[in-house]
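FYI, it's all coordinate maths here, none of it is from the lab. All values reported here derive from a predicted model rather than from experimental measurement. Ideal geometry is used to build each Cβ from the backbone, glycine not excepted, and the neighbour counts take in all protein chains shown.
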Amino acid sequence: MKNNGLKTFCKKICLGTMSILFFSIYTFGQNNIAAMRKLLHELQADQVTSDSFFQKGTFKSFRFNGNNRTISKPDNNIFFTGLIGFTLKDIADRIQDDSVQFLCHQIMQNATISYPKFQHISGRPTYNFWRTNPVELFPGAKAIQPLKHINSLPDDLDDTVLYFLFQNNVSDSTRKILEKLMVASANKSKKTIKNTFKKYKQIPAYSTWFGYRMPVDFDFCVLTNVLYYRFSYVQNLNSTDSATIYLLERMIADKEYLHHPTYISPHYGRSPILLYHIARLMGKYNIPQLEPYRKQLIEDLQAQIKQSNIELDQIIMHTALIWLGEKEDRPFFKSFNLNNLQKTDFTFFVGCMNTYFTNPFKAILYTIPSLRFYFQCPAYNKALLLQYLSLINVNQTN
């Protein structure tokens, strides 16, 4: 009996170990395509098909208040769905494998179905973090719901450009309408920013928000996404594009992504995330004004990796190094437990009410935990790992 019990126990241990190592076996072989297919099938299973709370076609995400990171609430937003679509579009364009491309396009097509519920109620081509039809504000927070029609968020550039980055058939007229709306909301167009460093206040760069209800706001990561979108289809940049490049250049030259990440990027707020964003832009497009800082960014990424004990931070920073031209012939880790993708120590996006306020209140209010909300999406964590594997695969086959 004892021997049978020991055999059963050993069998369970072996099966558990195999389930953890299964991903490692396929990932760390000569080709990562099998691992990518596995992750894509998981992403497809994660996409909402029917749910009373989450919108069909989206991916479930959750928010945590800064006062208590152990309690989460489901959050019906479009942000992570846009990020996943953008990420898969990049992968499908890079990986020449029929099954990978088919799965990527199928997930993107299903994601598109959800977007009308997040579009501006007038039908203009801008999108909101939360649903606009019907209006939502902090979904699931019952105390806030009576105020949602008065204090709902305006549409934002981030969610809007992420959507257009994975859409193939967008008309020139739609893009021109969007460009006019973006320029009309930029700094110095109608308002001047009041919650950034004095040295940046007169730069007429893009603001995070559309319209005039919110103050002008600069966010380092949002600006990289906006420029990625603009470079993806325009041949001649406008003056706001040029101003935005100049603003990013100044922030990089001053190393604000290390010294003041929460101040220059209130919606992302961590150095690994900021470095990931700027590397993604520079890895895709040659921007002469930013090229002198490539070596600096590589060195800072390498230093940040040494300091980090969060596996997903390490993954996105190694991804950033590849984008910046560093060769990585094999994965930097020997094994990776997929259960770590569910951990709450990795946050990609932060909602913080301090962005409503001017200096010096913006910096002071960020220190109050109850005013910060951390957003996480297990499916997007998988997409980030998938993105890294796709880059490793290209490195191996080149």
Task: Likely footprinting exposure, 102, 80, fewest C-beta neighbours within 10 Å first - done: 102, 80
TODO: Only loop residues by DSSP count here, and only those with at most 12 other Cβ atoms within 10 Å; note down the trypsin sites (Lys or Arg not before Pro) in region 79-142 that meet that.
DONE: 142
TODO: State to the nearest 20 debye the size of the charge dipole of region 169-218 about its Cα centre, where the only charges are +1 on K and R beta carbons and -1 on D and E beta carbons.
DONE: 320
Task: Cβ-based exposure ranking for 99, 61, in which fewest neighbours within 10 Å come first - done: 99, 61
Open item on the list: Only counting other Cβ atoms within 10 Å, I'd like 200, 257 sorted with the fewest neighbours first.
Closed with: 200, 257
Open item on the list: What is the ratio of the Cα radius of gyration of region 31-397 to 2.2 N^0.38 Å, with N the residue count, to two decimals?
Closed with: 0.94
Open item on the list: For region 248-314 and region 48-81, what is the centre-to-centre distance using only Cα atoms, to the nearest Å?
Closed with: 27
Open item on the list: If amide hydrogens are placed 1.01 Å from N in the peptide plane, which non-local residues have theirs closer than 5 Å to the one on residue 126?
Closed with: 120
Task: Selected from 173, 266, 105, residue furthest toward positive end of dipole (region 31-397; charges at beta carbon) - done: 266
TODO: Rank 332, 59, 389 by how far each Cα sits towards the positive end of the charge dipole of region 31-397 (+1 on Lys, Arg Cβ; -1 on Asp, Glu Cβ) and give me just the farthest.
DONE: 59
Open item on the list: Counting other C-beta atoms within 10 Å, and keeping those with at most 14, which DSSP coil GluC sites (Glu not before Pro) do you find in region 174-264?
Closed with: none
